[in-house]
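This report concerns only the one structure given below.
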Amino acid sequence: MRSAIFSRQTLTSSTAVLLVFALVKLLIHFYTNAFAGYGIFRDELYYVACSEHLSAGYVDQPPLSIFILAVSRMLFGQSIFAIRLLPAMAGAATVFMTGLMTRELGGGKFAQAIASIASIVSLIYLGYDSIYSMNSFDVLLWTWSAYVVILLVKTGDKKFWLELGLILGLGLLNKISVLWLGFGIVVGALLTPERRWLKTEYPYIAGVIAFAFFLPYILWNAIHGLAHLEFIRNASAGKYASLNPMTFLSGQVLLQNPVTLLLWLSGLAWLLFSEEGKKFRILAYLYLTAALILILNGHSKSEYLSQAYPMLFAAGAVWFERWASREKLRWMKPAYAILLSGGILLAPVALPILSVESYIRYADALGITPSSAEAKQLDKLPQFYADMFGWEDKAAAVAKVFHELTPEEQVKCAIFSDNYGRCGAIDFYSKKYNLPKSIGRHNNYWLWGPRGYTGELVIVLGGGLKDKQETFESVTIADTVKNQYCMPYENNLSIYVCRKLKKPLRELWPTLRHYD
């Protein structure tokens, strides 16, 4: 069987060039993680906590990326560099595979280089691959799927359906966005000559394979009251309510880096309208189907379509190479410089390579205002960067209050907060500051329960005084923790020492659940 990754055709001397581009991408993130960066990201704190509670599912995501993180922590530790090692490698693999896709679409060295560079300078990929999350693996699995679809179209080898089923299964176990990838493949097959496959058993075998991978998460949700559906519903009605189809569409230009706009639009047009590209038109229908699903949702984040762009970069690069005759190719070579210049100019928007004060001056000079996809109040930094500040400050301040308690009080003292970032910070720095693990009401922290605490003595990080006074018989503000660069709602947090919960904690706990 011809392997989708290590086919004889790919093992040529030009593959070394693609590996160089992948290495450049890897080194960008290695440098950032080792010598730059602002600190651990809010979600990373939560994912580390999840990796200490391995399960078939989580409120906000399937389990694959959490299991990968658990293995990574076991092998490499949990320094910021170690946590971000695998996302950096996944990003490099995506760049390499983008080049392979370009080659399979008929692109030469020029096209392969242009597509690879576009994948490197994409702002959303720079951001994704600079922190640990499921998103880096999601982009890689979408790109791998598109590559296999290309090989399936070119070779007609039915065995690629089995490989596609495996990739889709892994993708669903990583992030449910792969559902619209699968739906896009089906729609694309129906609208192209590839519909011939639907008369065979192979697409259905692929579907069964993918479903088998996804089944544990379905069962987990069934057992846990369809937690993920509640999470999606609450997020759409709450923090994503301000998003709309126009913000979704405009975000496609910004997230992929404006300098790549002509490239990926040309790729979509080449697939839809050119005689040569129509053979691979299934890719265009895949993209358009996913885009339509997200637009019709009404409150989709722009980044939810970002996984689909490597195949458009590849197709656009082939079109550019075809369009440029040998006589014109000489003046097309500045395309390298345009992409690289745009990437370098805008990289600090997505990659924390500048000092924070330098970034603020840089953003002011370009007229870039802080942004958030969650309708949050902002200050000096966009949410992506602000969420990298203040976490150890919180843990250290809580530890100071905790260690002022008597040893007898410490044994029975719970540490509580109402969002997973704050809880995750307590847990992540628990060994450094000799703290017990926290409890909380947000997403999986609520599922993990009160850990046997009674509520007799609780240190609460954040929230209002009035709520505490209504819930406990005695409340004291012990300290306030500040950080000038964190999200405003994470700044000036009071730390409360609360005594004698008015209702037993186990009775109160079911009312505290907050999924979003």
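The values are calculated or read from the model by the stated rules, or taken from the named source; none is laboratory data. As the structure is a prediction and not an experimental result, all values here were calculated from the model. Glycine also receives a Cβ, built like all others from the backbone with ideal geometry; neighbour counts cover every protein chain displayed. The accessibility values were calculated without ligands, DNA or RNA, using every heavy atom of the protein model including side chains. Shrake-Rupley method; radii C 1.70, N 1.55, O 1.52, S 1.80 Å.
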Since LYS158 meets every condition but one in (1) assigned to a helix (DSSP H, G or I); (2) open to solvent by 20 Å² or more (accessible area, probe 1.4 Å), which condition does it not meet?
(1)
Out of ILE439, ILE426, which single residue is under 18 Å from ASP393 (Cα atoms) and of a type in the set (A, V, I, L, M)?
ILE426
Which of the residues spanning region 196-231 are open to solvent by 30 Å² or more (accessible area, probe 1.4 Å), within 21 Å of SER65 (Cβ to Cβ) and in a helix (DSSP H, G or I)?
ILE209, PHE211, ALA212, PHE213, LEU215, PRO216, ILE218, LEU219, ILE223, LEU229, GLU230, PHE231
Enumeration of residues in region 31-46 that are part of a loop (DSSP other than H, G, I, E, B) and touching a Lys or Arg at 6+ places or on another chain (Cβ under 7 Å):
none
Among the numbered criteria (1) open to solvent by less than 20 Å² (accessible area, probe 1.4 Å); (2) within 23 Å of the chain's Cα centre (by Cα), which single criterion is violated by ILE114?
(2)
Output the qualifying pairs, or none if there are none: Cβ atoms under 7 angstrom, residues six or more apart or on different chains, first residue in region 50-63 and closer than 12 Å to LEU229 by Cα and open to solvent by 30 Å² or more (accessible area, probe 1.4 Å), second residue assigned to a loop (DSSP other than H, G, I, E, B) and not aliphatic (A, V, I, L, M).
none
All positions within region 274-302 that are open to solvent by 60 Å² or more (accessible area, probe 1.4 Å) and either part of a helix (DSSP H, G or I) or under 17 Å from VAL186 (Cβ atoms) (or both)
LYS278, LYS279, LEU288, LEU292, LEU296, ASN297
State whether the residues of region 181-195 include one that is touching a residue at least 12 places away in the same chain (Cβ under 8 Å), outside any helix (DSSP H, G or I), over 26 Å from LEU268 (Cβ atoms) and of a type outside the set (A, V, I, L, M).
no
Taking only region 232-252 into account, find how many residues are open to solvent by 20 Å² or more (accessible area, probe 1.4 Å) and either among the polar types (S, T, N, Q) or at pLDDT 95 or above (or both).
6
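Output the residues belonging to region 507-516 that are part of a loop (DSSP other than H, G, I, E, B) and either open to solvent by 50 Å² or more (accessible area, probe 1.4 Å) or polar (S, T, N, Q) (or both).
Once the filter is applied, which keeps residues that are part of a loop (DSSP other than H, G, I, E, B) and either open to solvent by 50 Å² or more (accessible area, probe 1.4 Å) or polar (S, T, N, Q) (or both), region 507-516 yields only ARG513.
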Selection count, region 431-453, where residues are surrounded by fewer than 18 Cβ atoms within 10 Å (Cβ to Cβ), over 23 Å from the mean Cα position of the chain (by Cα) and at pLDDT 95 or above
7
Among helices (runs of 4 or more DSSP H) completely within region 412-506, the ones holding 3 or more residues that are touching a His at 6+ places or on another chain (Cβ under 9 Å) and hydrophobic (A, V, I, L, M, F, W, C) are 444-448
Collect the residues in region 69-79 that are open to solvent by less than 50 Å² (accessible area, probe 1.4 Å), farther than 23 Å from ARG422 by Cβ and not in a loop (DSSP other than H, G, I, E, B), keeping them in residue-number order.
SER72
